[in-house]
Amino acid sequence: MGMIGGGPGAFIGAVHRTAAAMDGLIELVGGAFSSDAQKSKSMAGALNLPAERVYGSWQEMIEKEKALPANERMDFVSIVTPNHVHFAPAKAALEAGFDVVMDKPMTFDLAEAKELKQIVEKTNRYLCLTHTYTGYPMVKEARQQVANGALGAVRKIFVTYPQGWLSQFLEGTDSKQAAWRTDPSRSGIAGAMGDIGTHAFNLTEYITGLQVTVLCAQINIVVEGRKLDDDGAVLLQYNNGATGVLMASQIMAGEENNLTIKVYGEKGGLVWCHEDANSLLLKWLEAPMQTLRAGTGYLSDVAKHNTRTPSGHPEGFLEAFANHYRNFALCVGAREEGRQPKEEWLDFPSVDEGVRGMAFIENVIASGKSEQKWTKFEV
């Protein structure tokens, strides 16, 4: 792979590089790691890359990599930049014949997301969107439990994503992460709802297989001087009649990343918490609660495919990221060899989830500003 972004001072670039390398299927061969050409080139030594494969801009990288012989050039591009630098390099990479992995939210706005979907379909390339949490094996097990009818028809969904790291005005300091995530010119129209609310939204649709059709949002800016939302809650209605509640906040002091989802059906419910990611609780109407554990033989084949260690050995954030990279790489490899990818390999977030994520952001912000509140989910 070649990487765009992830240079000096970046957080998520190192996560992507570690996750991509975990299964031995992917090798980092080059990149344009910063918008500053000198900072980008400084990564050659840090990442043990040949200087000629570390580029001063993403445009140069795509142009020069495309010109290399097929057996030497990169196979795909990983884009780990702020939101406003997602669409252009993704478009250029796809049109140059490269598959793409990219961070969420997929684009700066919904219009870009729709255009990118058209480009993916036209070029017939793969696009993987790293919605990390759907990579956890017990989230995949939760999806299988719902799909197999264990809970009966889904009726109620609760999802909460509390963080506390933006409880203070960090964008007024030298915090690079706070600066771009709270800047409308780089992040887009949403703050917390774009950064973590999209994860919570995506998790509800992934586990249940349902889609939001109507929503009602309250969006707040709590920290004085902040330009984008840092707190909010959303009422949701789904296409089977189920209802849900979503909360995303970055001003809950003392909270880390305990994303939690609860899904309730006619016969029972399930609970998954990020702080105990190896466990899935199943709650039954007329039977004792069950705790399913990662790495055990009684799980679905999909959950086992996305597990690397025996039971009792915790897997976490990096492994969930790696599951998306592995499944993506297996699909790209199968296509290159003229083989049909297995169904479980195709289980990674795609451009479709990217479009719905951007639609969630725009509909939530519109509802938050509206006096009418209830807003039809427009894509």
The range 94-159 - percent relative contact order, Cα under 8 Å, separation 6 or more
33
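So with the 1.4 Å probe, I'd like the accessible area per residue for the range 7-115, rounded to whole Å².
With all protein chains present, the range 7-115 gives 43 Å² per residue.
Just how large is the dipole of the chain about the Cα centre, in debye to the nearest 20, putting +1 at every Lys and Arg Cβ and -1 at every Asp and Glu Cβ? Write out the running numbers ahead of the final one.
On the way: 36 positive and 45 negative charges, 83 e Å.
For this selection, approximately 400 debye.
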Accessible surface, 1.4 Å probe, highest first, among residues Asp347, Asp352:
Asp352, Asp347
What residue among Pro314, Pro89, Pro162 shows peak mean-square fluctuation when the chain is described by a Gaussian network model with Cα springs under 10 Å?
Pro314
Computed from the mean reciprocal separation of all distinct C-alpha pairs, what Kirkwood hydrodynamic radius does the range 74-164 have, in Å?
15.4
Tail fraction, Cα-Cα pairs, the range 53-121, threshold 15 Å, whole percent
51
What figure, in Å² to the nearest 10, do you get for the accessible area of Glu353 with a 1.4 Å probe and non-protein molecules left out?
60
Under a Cβ-only charge scheme (Lys and Arg +1, Asp and Glu -1), can you give me the dipole magnitude of the range 182-312 about the Cα centre, in debye to the nearest 20?
400
In percent, what relative contact order does the chain have, based on Cα pairs under 8 Å that are 6 or more apart in sequence?
19
Past 32 Å, Cα to Cα: identify those pairs from Lys114/Lys283; Lys283/Lys369; Lys283/Lys304, in the order given.
Lys114/Lys283; Lys283/Lys369
One-quarter of the Cα convex hull surface for the range 147-233, in nm²?
6.8
Among Asn323, Asn257, Asn278, the residue with the largest mean-square fluctuation in a Gaussian network model of the chain built from Cα contacts under 10 Å is Asn257
List the relative contact order of the range 301-357 as a percent without decimals, with contacts defined as Cα pairs under 8 Å and 6+ residues apart.
29
Which value, in Å² rounded to 10, gives the accessible area of Val154 with a 1.4 Å probe and all protein chains present?
10
Listed residue (Leu235, Thr309, Asn258) projecting farthest to the positive dipole end of the range 220-311, Cβ model
Thr309
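Keeping every protein chain in place, order Trp345, Trp272, Trp58, Trp374 by accessible area at 1.4 Å, biggest value first, i.e. largest first.
Descending order: Trp374, Trp58, Trp345, Trp272.
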How large, in percent, is the carbon and sulfur part of the accessible surface of the chain at a probe radius of 1.4 Å?
50
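The values are calculated or read from the model by the stated rules, or taken from the named source; none is laboratory data. This structure is a prediction, so every number in the text was calculated from the model and none was measured. Note that each Cβ is placed from the backbone with ideal geometry, even for glycine, and that neighbours are counted across all protein chains shown. These accessible areas exclude ligands, DNA and RNA; they are computed on the full protein's heavy atoms, side chains included. Shrake-Rupley method; radii C 1.70, N 1.55, O 1.52, S 1.80 Å.
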